[in-house]
Amino acid sequence: MSAKAATRHSDSHTGGPCRPKGPPPAPSSAPHNALPRSASWVQLSGHEGSLMPSHSGTVLKRFCPHEQRCLQLLMGDAPLRPFVPEFHGDTTITTATVVAVAVTTTTAPPSRYRSSSQRYNRMQDLLAGFRAPAAMDCKMGVRTYLEEELALARRDPQPRADMLAKMVAVDPTAPTALERERGAVTKPRYMQWRELCSSSASLGFRIEATKKSDGTLRQDFKRTKSRDEVRAALEEFVGGDAVVMESYIRRLHALRVALEVSPFFRSHEVIGSSLLFVHDAGGPAGVWMIDFSKTRPLPPGTALDHRTAWREGNREDGYLGGLDNLVTILEEVAAAAAEAAGAEPRGRRRC
Ligand code: I3P
């Protein structure tokens with residue numbers, strides 16, 4: 001017999017010292033009143049089961065020291081703080097599971113328990129406060145593996161059968177004869193292939209997943225590559241909602257300004273990080289930077305511009321180039337929708 005018996009939370013606010021005094025500012029375009037949260041909570045992408053809803057408008061994400069370090073620093077980075085989830089320290093959950101029950105007739109059965117602990121980073125639930133949120137995860141950058149992962153794979157290749165299987169599922173012709181013979185591919189090879197068959201390599205971002213307000217989840221974007229395909233997917237996500245498109249575009253412009261002056265952004269290689277878009281029909285809408293487990297500090301005294309093409313060793317990630325493309329394509333979507341609705345397209349308005 002096996003059943004979940006009890007869980008215990010113990011918070012250790014390791015994020016505390018980095019947090020400025022007083023409540024953090026709420027993003028201007030997102031609601032932060034205490035509306036009931038959506039009943040249909042969903043993890044859009046990332047490692048399955050690594051994220052779960054918690055109390056008081058927070059989520060728990062499986063602990064990653066790199067991510068914690070970034071979130072702590074971002075709480076003190078004035079330009080970017082409004083664009084990242086508030087960090088609330090980490091917490092450990094101990095789960096006791098009944099592993100055996102000795103059945104006796106006279107007394108209550110003595111039970112044996114196995115307990116396990118898992119540490120989590122606690123952060124703001126970005127969906128809290130929306131009524132029936134639609135959400136989209138866009139992975140940013142031209143590159144989704146760290147330079148250090150590349151170096152490690154050279155020293156110790158560790159070919160993976162699961163990644164070959166995922167590759168074949170999308171394109172049976174993708175593996176080379178040697179990879180087929182070995183029955184495996186290395187992780188950087190898989191990641192590079194993912195970048196090339198999606199829009200990461202060409203546009204500097206890719207859509208990972210979308211969820212509509214009715215709960216419909218789409219994660220079938222692995223081959224959404226061309227500009228037209230990406231535009232069509234964005235169009236479908238915003239559903240012609242002018243208020244939402246306008247809010248997203250405004251927020252992305254503000255994010256770009258913040259990124260260009262952020263000390264954190266200048267001094268980090270930002271890999272595998274996403275932009276999370278969330279809106280209710282007719283507004284409000286918000287965009288946040290999430291997922292910092294593969295964001296690494298640069299050596300002191302060095303900086304990235306996040307637009308220069310990547311060559312191994314320069315650690316550029318193409319994040320801002322991707323954001324430029326994302327903004328331009330969204331503006332095209334908004335202009336086309338305005339034209340179709342008979343209004344003046346956004347770019348041609350006088351004021
Ligand atoms: C996964 C995706 C993840 C990556 C994961 C890949 O591929 O690229 O970002 O995790 O590696 O399997 P896909 O989206 O095609 O399923 P990291 O970003 O943490 O490296 P993993 O299997 O080693 O976790």
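General remarks:
- Boolean, PHE264 is among the hydrophobic types (A, V, I, L, M, F, W, C) and in contact with a Cys (Cβ under 9 Å, 6 or more places away or on another chain): yes
- Pair list, Cβ < 6 Å and 6+ apart or interchain, from the range 295-316 residues that are of a type in the set (D, E, K, R) to residues that are modelled with pLDDT of 95 or more: ARG296/GLU269; ARG307/LEU320; ARG307/GLY321; ARG315/GLU269; GLU316/LEU304; GLU316/THR308; GLU316/TRP310
- So THR97, is it more than 30 Å from SER247 (Cβ to Cβ) and either among the acidic types (Asp, Glu) or in contact (Cβ under 8 Å) with a residue 12 or more places away in the chain (or both): yes
- Strands (runs of 3 or more DSSP E) (entirely within the range 219-316) containing at least 2 residues that are farther than 17 Å from ASP77 by Cα and at pLDDT 95 or above: 274-279, 285-290
- Note on the range 124-190: enclosed helices (runs of 4 or more DSSP H) holding 2 or more residues that are within 13 Å of the ligand (Cβ to nearest atom) are 147-155, 161-170.
- Sole exception among (1) buried (at least 20 other Cβ atoms within 10 Å of the Cβ); (2) part of a helix (DSSP H, G or I) for ILE207, by number: (2)
- One residue from ASP228, ASP220, ASP162 being under 24 Å from SER273 (Cα atoms), open to solvent by 40 Å² or more (accessible area, probe 1.4 Å) and under 17 Å from the mean Cα position of the chain (by Cα): ASP220
- Residue match in the range 144-157 (condition: over 30 Å from ARG311 (Cβ atoms) and either touching a residue at least 12 places away in the same chain (Cβ under 8 Å) or open to solvent by less than 20 Å² (accessible area, probe 1.4 Å) (or both)): no
The values are calculated or read from the model by the stated rules, or taken from the named source; none is laboratory data. Predicted, not measured: the structure shown is a model, and the values here were computed from it. As a convention, Cβ positions derive from the backbone with ideal geometry for all residues, glycine included, and neighbour counts pool all protein chains shown. SASA here: full protein model, heavy atoms, side chains in, ligands and nucleic acids out. Shrake-Rupley method; radii C 1.70, N 1.55, O 1.52, S 1.80 Å.
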